[in-house]
Each structure stands twice: as C-alpha cells, then as structure tokens.
1. To the nearest 10 degrees, how steeply does helix 58-74 sit against the main Cα axis of the chain, on a 0 to 90 scale?
2. Using modelled amide H (1.01 Å from N, peptide plane; none on Pro or chain starts), what sits under 5 Å from the amide H of ILE21, excluding residues fewer than 5 places away?
3. So what is the relative contact order for the range 1-93, in percent, with contacts set as C-alpha pairs under 8 Å and at least six apart?
4. Would you mind getting the accessible area per residue of the chain, heavy atoms of the protein chains only, 1.4 Å probe, in Å²?
5. Please list MET167, MET42 in order of solvent-accessible area, largest first, computed with a 1.4 Å probe with all protein chains present.
6. Where a ≥ b ≥ c are the square roots of the eigenvalues of the C-alpha gyration tensor, would you call the range 137-197 rounded, which needs a/c under 1.5, or, failing that, prolate if a/b is larger than b/c, or oblate?
7. Dipole magnitude of the chain about its Cα centre, charges +1 at Lys/Arg Cβ and -1 at Asp/Glu Cβ only, in debye to the nearest 20?
8. Quote the charge dipole size of the range 95-168 about the Cα centre in Debye, to the nearest 20; the model charges only the Cβ of Lys and Arg (+1) and of Asp and Glu (-1).
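The values are calculated or read from the model by the stated rules, or taken from the named source; none is laboratory data. Just so you know, these numbers come straight off a predicted model, no measurement behind them. Note that each Cβ is placed from the backbone with ideal geometry, even for glycine, and that neighbours are counted across all protein chains shown. Keep in mind that these areas ignore ligands, DNA and RNA; they rest on the heavy atoms of the full protein, side chains included. Shrake-Rupley method; radii C 1.70, N 1.55, O 1.52, S 1.80 Å.
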Amino acid sequence: LKDYANCLYAILKNESIDQCILLGHSLGGYVTLTFASIYGSMLSGFGLIHSTAFCDSEEKKETRRKGIKFIEENGAGIFLKSTIANLFSNKSKIVKSDSIIRQINKGFDFSKEALIQYYNAMINRPDTTEVLRKASIPVLFIIGTEDIPAPMGDVLKQVHLSETAFMHIMTDVGHMSMIEDPEKLNKYLSNFCSAVSQILF
C-alpha cells in the first residue's frame, strides 16, 4: 500500500498539486489512509467510499488466501465471475443486472498476477484507525446498507474516531454505489468537497 501511496504522491507532484481531497473506494480507501499517514499535510480532506480502517480478521485473511489459491488455479476472470455479483445489493442485482454483466465481462481482462497482488495487499494491510483519530481535516464515510466487503456495522464503529466526520448511509446499496446509485454518490462527493472548501476558506 505504501508503494501505491508513493505513486499517488509522484503523480500529484508531477501535476504541481500541493493540496487535494483524496477519495478512495474499497482498496482505494486503504491507499487513501496510507497516503494520509505519510503525506497528510497535502490533504485538505479525504474520504472512504465503502472502505474501512480496520485490518482483516484472521477469518477474512484465510478466506482471501483461499481466493488466491482459486485464482492461481482458475484465473482471475473465473474468480471474478463468481464474486462480482456479491458486491451489489439484492435490488441492484435486479435493476442493474446489465451493469453487473458488464463488470463480470471486464473481469476477464484482469491478469491473475494483478488480482493476487490486490488480495495480498488487503491481507497484509495494518489497522489504520489511528490515522482517523489523528486526522484534523474532514473525513467522509460512504456506507452501503448491503455492503458485504465493508459492512455497515464495521464502518459505523469508525465514524466517531474523526474530529470532523461526514457520513452518508446509502439504502439498498452494496459495495458499488458508483454503479448502483451514481447520482446520489456524486451529490455526496460534491457536497463534501464544497464543505471542505468552506471549512478551509
């Protein structure tokens, strides 16, 4: 995760961006927290979109290890075909079925190596709740009521850790609000960015 955070830092410096709001979805949230721990002075706010500062439980780590074994034996596409639908709410599985099929088809473009690296990064990530406790900048939490990878109950346990927290609970949404309810998600993100600007200026 530090490698990804350092890549983000290099991109920002190359673009002459010294201050920004960083928003991360799922694994991107883990990268965001890592970035905040190293380059926090560059952030005016950050957000966790269906993500958590908690590390994996031993049970979850073991499930991911089994996933890695499956990927090694069957490839990334077959693995994602069997798991992507579980990222969506029951309602979305019906009304967004075409979008889910598109995501499954995109999964076959994933390399086995990339997906294994993705899973290892999640297994090895540390608890970063201290980053939330120390954050003096606004922090956004986007939560889906039917999110399996980042359960609402787990994320709610973290919201109070931040000095200034913004929270939105999205009903009938799983882990993929950018597909399940993009208009509402974009409104929440836009409102957060506006609020951060008002706090700063």
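1. 50 degrees
2. So ILE21 has HN proximity to SER44.
3. About 23 percent, as a whole number.
4. 53 Å²
5. MET167, MET42
6. Oblate.
7. Computed about the Cα centre, the dipole is about 180 debye.
8. Numbers: 8 positive and 9 negative charges, 18 e Å.
Roughly 80 debye for the range 95-168.
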